[in-house]
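To start, the structure under review is shown below, and the notes come after it.
The values are calculated or read from the model by the stated rules, or taken from the named source; none is laboratory data. If you're wondering where the values come from, they're calculated on a predicted model, not measured in any experiment. Neighbour counts run over all protein chains shown; Cβ positions are idealised from the backbone, glycine included. Protein only, heavy atoms only, side chains kept; ligands, DNA and RNA dropped before computing areas. Shrake-Rupley method; radii C 1.70, N 1.55, O 1.52, S 1.80 Å.
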Amino acid sequence: MDLESVKRYLEGDEDEKAKESKVAKLPHRFLERFVTNGLKVDLIEPGRIVCSMKIPPHLLNAGNFLHGGATATLVDLIGSAVIYTAGVSHSGVSVEINVSYLDAAFLDEEIEIESKALRVGKAVAVVSVELRKKKTAKIIAQGRHTKYFAPRSNI
């Protein structure tokens, strides 16, 4: 692919640029609701959350399976949520997130997402998130997320 084609791919064509105003009008934190739409919390306890969802069409990539970016967003969001279950009032800021993609999940396939707080300290939290096929328990992706808790000012 030539450089100009890559640039057009990333920036979009003129018709897409005209739609920019619609994108700017999307609600605050739209991405989170877009990815978690249809998610159900099956179990929540201190240090652990188990959720399930069917893969919707809007989260598919060009290969017609769960998009890697959607997977990473689930690791981020559900990994952050499990920190709250440990009794912390804020989830901190991400300092590291990684995802190992091991299998694919397809349209309408039901998946289970389990997040565990591995460590929640005064300054740092580390969580793991695993996405599995609900029917077979085959692992789709494993993620780890590290978050930093900035000191709160007493002023």
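Here are some conditions: (1) at pLDDT 95 or above; (2) under 13 Å from Val126 (Cα atoms). Tyr84 meets all but one. Which one does it not meet?
Here Tyr84 clears every test but (1).
Which ones in region 32-57 are among the acidic types (Asp, Glu) and either without any contact (Cβ under 8 Å) to a residue 60 or more places away in the chain or at positive phi (or both)? Full working, then the answer.
Taking region 32-57 and keeping what is among the acidic types (Asp, Glu), we get 32, 42, 45.
Once the filter is applied, which keeps residues that are among the acidic types (Asp, Glu) and either without any contact (Cβ under 8 Å) to a residue 60 or more places away in the chain or at positive phi (or both), region 32-57 yields Glu32, Glu45.
With His90, His58 as the choices, which residue is more than 18 Å from Val41 (Cβ to Cβ), open to solvent by 40 Å² or more (accessible area, probe 1.4 Å) and part of a helix (DSSP H, G or I)? Write out each step before concluding.
On the way: His90 fails: part of a helix (DSSP H, G or I).
Among His90, His58, only His58 is more than 18 Å from Val41 (Cβ to Cβ), open to solvent by 40 Å² or more (accessible area, probe 1.4 Å) and part of a helix (DSSP H, G or I).
Being under 18 Å from Pro46 (Cβ atoms) and crowded, with 18+ Cβ neighbours inside 10 Å: is that true of Val120 here? Give the derivation first.
Details: under 18 Å from Pro46 (Cβ atoms): yes; crowded, with 18+ Cβ neighbours inside 10 Å: yes.
Criteria met by Val120.
Six or more apart or on different chains, Cβ under 7 Å: which pairs go from a residue in region 101-123 that's closer than 11 Å to Lys134 by Cα and without any contact (Cβ under 8 Å) to a residue 60 or more places away in the chain to one that's assigned to a loop (DSSP other than H, G, I, E, B) and open to solvent by 30 Å² or more (accessible area, probe 1.4 Å)? Could you list them?
As it stands, the answer is Glu110/Lys134; Glu110/Lys135; Ile111/Lys134, since those pairs meet every condition given.
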